[in-house]
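Q: Attaching a single structure in C-alpha cells format; questions to follow.
The values are calculated or read from the model by the stated rules, or taken from the named source; none is laboratory data. Predicted model, so just to flag it, every value in this text is computed and none were measured. As a convention, Cβ positions derive from the backbone with ideal geometry for all residues, glycine included, and neighbour counts pool all protein chains shown. Areas reflect the complete protein model, heavy atoms only, side chains present, ligands, DNA and RNA absent. Shrake-Rupley method; radii C 1.70, N 1.55, O 1.52, S 1.80 Å.
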Amino acid sequence: MSHDSHHAPVASKLDLAPERSDLGLIRPDRKTGWADWLTTVDHKKIGIMYGAFAMFFFLVGGLEALAIRTQLARPDNDFVTARMYNQLFTMHGTTMIFLGVMPLSAAFFNFLVPLQIGARDVAFPRLNAFSLWTFVAGAFVLNSSWLFEFGHLAGWFNNFSWYKSLVYTDFAPANGWFSYAPLSGTVGQADAALHAPRFTGVGTDFWIIGIQILGVASLAASFNFICTIINMRAKGMTMMRLPVFTWMTLVTSALIILAFPAITVALIELMFDRQFGANFFNPSAGGQPILWQHLFWIFGHPEVYILVLPAMGIVSEILPTFSGKALFGYPIIVFSGAVIGFLGFAVWSHHMFTTGLGAVPTAAFALLTMAIAVPTGVKIFNWLGTIWGGKIRFTPPMVLALGFIWMFMCGGFSGVMHSSAPADAQQQDSYFVIAHFHYVLLGGVLLGLMAGLYFWFPKIFGRMPNAGVAYLASGLVILGFNLAFGPMHYLGLAGQPRRTHTYHAGNGWETWNFVATIGAFILGIGVFLAFANLVWTAFKGKKCGSDPWDGRTLEWSLSSPVAEYNFAQSPVIAARDAYFEDKHGGRRIAYENDGGEAGVHMPSQSWMPLVAGFGFLMIGLGMPMLSMGVPHIGWLVIAGLTVMFIGIWLWALEGPGGYMLKTPAVGSTPSAPAHQTATTH
Amino acid sequence: MSDVAPSPAFLQEEVRRYHHFITLALWLAAITGVEIVLIFLPVPMALILTVLCLLSAIKFFAVIMWFMHLIYDHRLLFWLFVTGLALAFATFTAVLSLFAVERVDTKWFS
Amino acid sequence: MSQVSEPAHAPTSTGIEHKKLIMWLFLASDCMFFGTLISTHLLYRKLYPTGFTDAEGHQRFIQNLFNIELTSFSTFILLMSSFLMALAVSAMHKGQIKSFRRNVLGVIFFGLIFLGCQVFEFTHFFHQGLTIQNSVFGSTFYVLTGTHGTHVAIGILWLILLYFYSFTGKLGGHVGALDVEVAGLYWHFVDIVWIIIFTAVYLVEYLGPSGFWGTGLPLTK
C-alpha cells in the first residue's frame, strides 16, 4: 500500500525532492514567496488572503460611501453627478456585501473552522483555493466596471465604432445592489441582434456576471465547509461540543447553498433578457418584473443572515472568553441560530410589502418577520447572561463585542418596526431603512468582524495589535457610526427618500445630513485606523504568546502563528470549551499518537484552482464586453470557458498527491504547551 | 484493478441490489407508460392531475432511494437532500400562490 | 492502485466519504436551482394560458406544438440511462471494470440520444414559430429545458472522461468506485429533474379538454 509520491517524512516542504503529479507536471509544493501564495491549499493562508482582499474592498466600499456622504453634506450639491451617485451607491452596497463582509466572514471560516474542530485542513483543500481565486475573479470583474467608466469619462473609447453605437454609456452598475427589473432588464421587442431595448448600459452586465461568479465562489466554499464540519471533527468533538462560531459557520453555509441558487437562476434569466432578448422580466411581452423581486429576495433575505450569523458566532466566542464564564445557554444559542437561519427563508416578501401582495400574504409575512425577533432576542439575553456576574476584561475585542450587542439591538428594534406592514409603508425607500440596516450591518456585522480581527489576530500572526490605537479606533467607529446613522432615523421619518442624489434646501433635512456626513468621516477614520493598526501588527507588531486571552477553544492550544500541519497530534476532545477545560477544569485533551516520526499528511499545492479561477475572470470580462458590442470578444468568453474547463479537468487528473511532514517530537513542540505534555501519553 | 478483493458478503449484497435495479427499471418504464395513457383518458382532470403528481413523486423517490443508494447509505444524506427538496417545494409553492391570476394585470399582453 | 493517504480513505466523523457528502449537498442546493426554473415556467403558464403568437401573427397553442410521442421516448431513454448508470456503479463496486465500461458507454449513448431528441425538438419548435424572444412561454420553456439539457451535456462529458480514464488503469478500488458513484449521483439527479419536468411541463398540457392551464381550445390530437 504505497505510492511513489510518498517520500520519507520531511521536516520542511523545502526538503522535498521535485515531485511530478499524475499529469507529469512538477507539483508546486516547494514554492516560496508569491508562487507559494498563489498555489497554496493551506486553509490558514487562504483565510489570510480572503481577509486581506476583504479589508481592501472594505476600504474601497468605504471610499464610495464617503463620496456619497460628501455629495449629501449640503442641499443641491454637485460634488458628483446624479449618474455617478447611482453608480456609487450601487457599487458601495455590492462591494460591502459581496466583497467586504462575506469574504471577511469567509476568512474567519477558513482560518478557524479546521482549528476549532481539531482538523488538519478542510475536506477539499484545492476546492478551497478555487473558491478564493473565483472570488478574486468576481471582485475584479465587478470593479473593472469602474475602469471602463473612467475610460469613458476620459474619452479613451471615442474612436471605437462599438462605442459610438452604444445607446447607454454607463459602464459601472447603477441599479442598486438589488438591480430591480425592469430597470435592469429590457422593454419592447428584440432586434435582429437579439437585443431588446434596455434601460441601462453595460454596468448592469458587469453586475450580473460579477455576482454570478461570486456566487460560484460562495457555493463552492460552503459545500466545503459543511463537509468539513460534519465530517472532519476530532474524536470526541460531538456536534454539541462544537464552538458556537463553527456552528454559525455551518448554519451560514447551509443558508448559502440553499439561497444562492435562487439568485443564480434569476441572474441567468436577467442575462437571457439582456443578451438574447428573452422575456422573463420584459413588461411589454408579459414578463413580470415583480418576479425578479421575489427571486431576488428569496436569496436576499437569507443573505442578510448570511452576513450577520458569522458575526454572532464571533461575539459568542469573545464574550465568554473575557467574562471568564462559559457561554450562557449554549444549546439555546445554537438552536436560535438555526431557527434564525430557517425563518430567514420564510420572510422574503417583507421587502415587498408596498408592492401589494394582498392582505393574507402581507399578514403572514409580517407575523413571520416579527417571529424572527424571538430567537434573536434569545441570543441577546444569553449574551447578557454570559457577561452577567463575570470578571469582565475590557480588551479591544471585548469592547467591540459589547458594542455589537447594543448597536445590533438598535438595528433589531427598527427592524421590528418595519416588520409591521402599515409602518413599513411609511418607511419604505426612506432614510429610516438606511438607518436600520446600517445599524444591523455596521453596528452589528462590522463591529463583530472587527472584534473577531482583534481577537484572533494574535493567533493568526503571533503578534498583538497595539491596544491604545485599538481602543481609539473602536471609540471612533462607534461614535462616528452613531453620528452618521442615528440622524437617518429622523431624516427617514421626516421624509428624505433614499437613492436620490440630492435634496433641496428647506425640507428641514440640512442639519442632520451635515451631521451624518461628519459622522461618516469619523467612522471612516476609525475603520482606517483599525485596519492600519492590524496591517502594521501583521508585520511589525509585538510578539505574543500562543494564548494571550486565556482562550477557551482548541485554536488557542496551538502555537502562534499556527504550524502548517495545525495539530502535531490529533486531539481527543473531552468537553465543550475543550482548551479551557484542559487548562482549568478536570477534563484534559488527550492526543492521538498519529503525528511524530511517521509524519503528518499534507496535501500538495496546485496551480489548477488558480487556472480555473482565471477562466472565470476571462468569462467575466468577456460577457459585458460582448454586451458592449466589442468585435470578436465572444472568443474571450469561449476561451474563458475552455480555460475553466481545462483547469478543473487537469485538477481532477493531477491527483491529490501529498507528502508527509515530520512534526516536532512530543515535548519540544510549541503546539503542546508545557502543562499539556504530561497528558500527551 | 482493485488491490483488495471485495468480500463475498459484499458481492452477494451487490447481486441483490442488481436485481432491485432491474425490477425498478421495469417499474419506471411501466409508470411512464401509465402516465402517457392516463392523460388521454376521459376522467375528471383533478383526478388525473392527482394521480400524475403521485406517480412522478413515486418515480422520483424510487430513483433517489434505490438508484442513488439512499436506502443503503447513511440516513444523514437522505435528510440533507430532503431539506433542500422540502425548502424548494415550500418556497416555490408560496411563490406560485403569490402570483394569483386575479391580482396580476395580464390584459395588456393578450 | 491505491494511495495510502487518499482523503477518501481517511476515516470521517460520520463514516460518509467526503465526496459523497459534498455531492449530496450540491444536489440539495440544485433542488432550489431547478425549483426556481420550474416555478418560473409554471407561474407564467398560470398567468398566460393561451400559448404564444408566431411570426405570422397566428395564435398558437401549446398542445398543438408539443409532440408527446417524442417526449415520452426521450423520457424513457433517460430513465433507462439512469438504470444503466446504477449498473455501472454496481460493476465498479464489484471491481468489474469491463462491465463498468459497457454500462457507462450505454449511459453515454442514451444521454446523447436524449440530447439529440432535444435538439430535434428545439429545431422543430423553432420552425413552428416559437422563439426565445417572441413570448414568455418561449423564454421559460427554452431556458428551463435548455438548462436541463446543459446538465445532461455536462454529465455526458464527465462520463466520457471517466470512460477514457478507466483505460489508464488508475480507476479502481474504493476510490475509483466512489468517483463513479458520485458521477452516478449527478446523473440520477438529472434524471429525476426530468421526471418532474415531464409531468409539470409536458403532461399537464394534455389534461382535460383544453390542458390543465385552460386555453379554451379543445385538444386536437
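Q: Could you please tell me which pairs satisfy a Cβ distance under 7 Å, a separation of 6+ or placement on different chains, a first residue in the range C:73-84 that is in contact (Cβ under 8 Å) with a residue 24 or more places away in the chain, and a second residue that is crowded, with 21+ Cβ neighbours inside 10 Å and of a type in the set (A, V, I, L, M)?
A: Within 7 Å, the pairs are C:L79/B:L28; C:S81/C:V107; C:S82/B:V63; C:L84/C:V107.
Residues are listed down the side, and each one gets a yes or a no for (1) touching a strand residue (DSSP E or B) at 6+ places or on another chain (Cβ under 7 Å); (2) open to solvent by 20 Å² or more (accessible area, probe 1.4 Å); (3) farther than 17 Å from C:I113 by Cα; (4) modelled with pLDDT of 95 or more:
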site	(1), (2), (3), (4)
C:Y142	no, yes, yes, yes
C:L157	no, yes, no, yes
C:T168	no, yes, yes, no
C:V175	no, yes, yes, no
C:L185	no, no, yes, yes
C:P209	no, yes, yes, no
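Q: Do we find a residue being closer than 30 Å to A:L183 by Cα and either in a loop (DSSP other than H, G, I, E, B) or in contact (Cβ under 8 Å) with a residue 40 or more places away in the chain (or both) anywhere in the range A:520-528?
A: yes
Q: Return yes or no: is A:N77 more than 25 Å from A:I230 (Cβ to Cβ), open to solvent by 10 Å² or more (accessible area, probe 1.4 Å), polar (S, T, N, Q) and under 19 Å from the mean Cα position of the chain (by Cα)?
A: So A:N77 does not fit the description; no.
Q: So, in the range B:6-33, exactly how many residues are more than 7 Å from chain C (Cβ to nearest Cβ) and in a loop (DSSP other than H, G, I, E, B)?
A: 1
Q: So A:V360 clears everything in (1) away from chain B (no Cβ under 14 Å); (2) assigned to a helix (DSSP H, G or I); (3) surrounded by fewer than 19 Cβ atoms within 10 Å (Cβ to Cβ); (4) β-branched (V, I, T) except one condition, right? Which one?
A: (1)
Q: Out of all the residues in the range B:66-82, which are in a helix (DSSP H, G or I) and either surrounded by fewer than 17 Cβ atoms within 10 Å (Cβ to Cβ) or in contact with a His (Cβ under 9 Å, 6 or more places away or on another chain) (or both)? Walk me through it before giving the result.
A: Start the filter on the range B:66-82 by keeping residues that are in a helix (DSSP H, G or I), which leaves B:66-67, B:75-82.
Correct list: B:W66, B:F67, B:R75, B:L76, B:L77, B:F78, B:W79, B:V82.
Q: Which of (1) at positive phi; (2) more than 11 Å from chain B (Cβ to nearest Cβ); (3) among the small types (G, A, S) is the odd one out, the single condition C:A183 does not satisfy?
A: So the condition that C:A183 fails would be (1).
Q: Just the residues that are buried (at least 22 other Cβ atoms within 10 Å of the Cβ) and modelled with pLDDT under 95, please, taken from the range C:19-47.
A: C:L43, C:Y44, C:R45
Q: Consider C:S13 carefully, then state whether it is over 20 Å from C:F126 (Cα atoms), more than 9 Å from chain B (Cβ to nearest Cβ), part of a loop (DSSP other than H, G, I, E, B) and modelled with pLDDT of 90 or more.
A: On the way: over 20 Å from C:F126 (Cα atoms): yes; more than 9 Å from chain B (Cβ to nearest Cβ): yes; part of a loop (DSSP other than H, G, I, E, B): yes; modelled with pLDDT of 90 or more: yes.
Criteria met by C:S13.
Q: Within the range B:56-83, work out how many residues are more than 7 Å from chain C (Cβ to nearest Cβ) and under 8 Å from the mean Cα position of the chain (by Cα). First the steps, then the outcome.
A: The first filter runs over the range B:56-83 and keeps only residues more than 7 Å from chain C (Cβ to nearest Cβ), leaving B:57-58, B:61-62, B:65-66, B:69-73, B:75, B:78-79, B:82.
Restricting the remaining residues to those that are under 8 Å from the mean Cα position of the chain (by Cα) gives B:57-58, B:61-62.
Looking only at that region, the number is 4.
Q: In the range A:238-255, what residues are aliphatic (A, V, I, L, M) and open to solvent by less than 10 Å² (accessible area, probe 1.4 Å)?
A: A:L242, A:V244, A:M248, A:L255
Q: Right, another one. Could you tell me which of the residues A:A123, A:A137, A:A129 is buried (at least 24 other Cβ atoms within 10 Å of the Cβ), among the aliphatic types (A, V, I, L, M) and not in a helix (DSSP H, G or I)?
A: A:A123
Q: Might you let me know whether the range B:96-103 holds any residue that is modelled with pLDDT of 90 or more, surrounded by 20 or more Cβ atoms within 10 Å (Cβ to Cβ), facing chain C (nearest Cβ under 8 Å) and touching a helix residue (DSSP H, G or I) at 6+ places or on another chain (Cβ under 8 Å)?
A: Within the range B:96-103, none of the residues are modelled with pLDDT of 90 or more, surrounded by 20 or more Cβ atoms within 10 Å (Cβ to Cβ), facing chain C (nearest Cβ under 8 Å) and touching a helix residue (DSSP H, G or I) at 6+ places or on another chain (Cβ under 8 Å).
Q: Okay, next question. Which residues, counting only those in the range C:97-140, are β-branched (V, I, T), more than 15 Å from the chain's Cα centre (by Cα), open to solvent by less than 30 Å² (accessible area, probe 1.4 Å) and more than 14 Å from chain A (Cβ to nearest Cβ)?
A: Across the range C:97-140, the qualifying residues are C:I97, C:V104.
Q: What residue, among those in the range C:64-96 that are outside any helix (DSSP H, G or I) and more than 10 Å from every other protein chain (Cβ to nearest Cβ), is surrounded by the most Cβ atoms within 10 Å (Cβ to Cβ)?
A: Among those residues, the one meeting the criterion is C:F66.
Q: Taking A:R587 and the conditions (1) touching a residue at least 60 places away in the same chain (Cβ under 8 Å); (2) open to solvent by 20 Å² or more (accessible area, probe 1.4 Å), which numbered condition does it fall short on, given that it satisfies the others?
A: (1)
For every residue, the table says whether it meets (1) modelled with pLDDT under 95; (2) of a type in the set (F, W, Y); (3) open to solvent by 10 Å² or more (accessible area, probe 1.4 Å); (4) within 28 Å of A:G658 (Cα to Cα).
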| residue | (1), (2), (3), (4) |
| --- | --- |
| A:V527 | no, no, yes, no |
| A:L534 | no, no, no, no |
| A:N566 | yes, no, no, yes |
| A:Q569 | yes, no, yes, yes |
| A:A575 | yes, no, no, no |
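Q: Given the conditions (1) open to solvent by less than 20 Å² (accessible area, probe 1.4 Å); (2) under 30 Å from A:W536 (Cα atoms); (3) of a type in the set (A, V, I, L, M), and given that A:L16 satisfies all but one, which numbered condition is not satisfied?
A: A:L16 satisfies every listed condition except (2).
Q: Of the residues that make up the range A:208-227, is at least one over 21 Å from the mean Cα position of the chain (by Cα) and either at pLDDT below 95 or not small (G, A, S) (or both)?
A: no
Q: Within the range A:157-164, is even one residue assigned to a loop (DSSP other than H, G, I, E, B), open to solvent by less than 40 Å² (accessible area, probe 1.4 Å) and hydroxyl-bearing (S, T, Y)?
A: No; the residues of the range A:157-164 include none that is assigned to a loop (DSSP other than H, G, I, E, B), open to solvent by less than 40 Å² (accessible area, probe 1.4 Å) and hydroxyl-bearing (S, T, Y).
Q: Whether any residue in the range A:456-468 is among the basic types (K, R), in contact with a strand residue (DSSP E or B) (Cβ under 7 Å, 6 or more places away or on another chain), closer than 17 Å to A:W549 by Cα and in contact (Cβ under 8 Å) with a residue 40 or more places away in the chain is what I want to check.
A: To start, the set of residues in the range A:456-468 that are among the basic types (K, R) comprises A:459, A:463.
In the following step, the residues that additionally are in contact with a strand residue (DSSP E or B) (Cβ under 7 Å, 6 or more places away or on another chain) were identified as A:463.
When the remaining residues are screened for being closer than 17 Å to A:W549 by Cα, the result is A:463.
If we keep only those that are in contact (Cβ under 8 Å) with a residue 40 or more places away in the chain as well, we get A:463.
Checking the range A:456-468: at least one residue is among the basic types (K, R), in contact with a strand residue (DSSP E or B) (Cβ under 7 Å, 6 or more places away or on another chain), closer than 17 Å to A:W549 by Cα and in contact (Cβ under 8 Å) with a residue 40 or more places away in the chain.
Here's the yes/no breakdown for (1) farther than 27 Å from A:L442 by Cβ; (2) in contact (Cβ under 8 Å) with a residue 40 or more places away in the chain; (3) assigned to a helix (DSSP H, G or I); (4) hydrophobic (A, V, I, L, M, F, W, C):
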site	(1), (2), (3), (4)
A:G480	no, yes, yes, no
A:H489	no, yes, yes, no
A:A505	yes, yes, no, yes
A:W512	no, no, yes, yes
A:D547	yes, yes, no, no
A:N566	yes, yes, no, no
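Q: Please state which one of A:F353, A:F328, A:F335, A:F276 is open to solvent by 10 Å² or more (accessible area, probe 1.4 Å), within 14 Å of chain C (Cβ to nearest Cβ) and among the aromatic types (F, W, Y).
A: Result of the check over A:F353, A:F328, A:F335, A:F276: A:F276.
Q: Taking only pairs six or more apart or across chains, which ones have beta-carbon atoms under 6 Å, a first residue in the range A:266-292 that is farther than 22 Å from B:A100 by Cβ, and a second residue that is of a type in the set (D, E, K, R)?
A: Once the first residue is farther than 22 Å from B:A100 by Cβ and sits in the range A:266-292, no partner that is of a type in the set (D, E, K, R) comes close enough.
Q: Of everything in the range A:415-438 that's in a helix (DSSP H, G or I) and modelled with pLDDT of 95 or more, which residue is surrounded by the fewest Cβ atoms within 10 Å (Cβ to Cβ)?
A: Within the range A:415-438, the subset in a helix (DSSP H, G or I) is A:415-417, A:421-427, A:431-438.
Subset that is modelled with pLDDT of 95 or more: A:431-438.
Numbers: A:Y431: 28, A:F432: 25, A:V433: 20, A:I434: 21, A:A435: 26, A:H436: 24, A:F437: 17, A:H438: 24.
Ranking the candidates gives A:F437 first.
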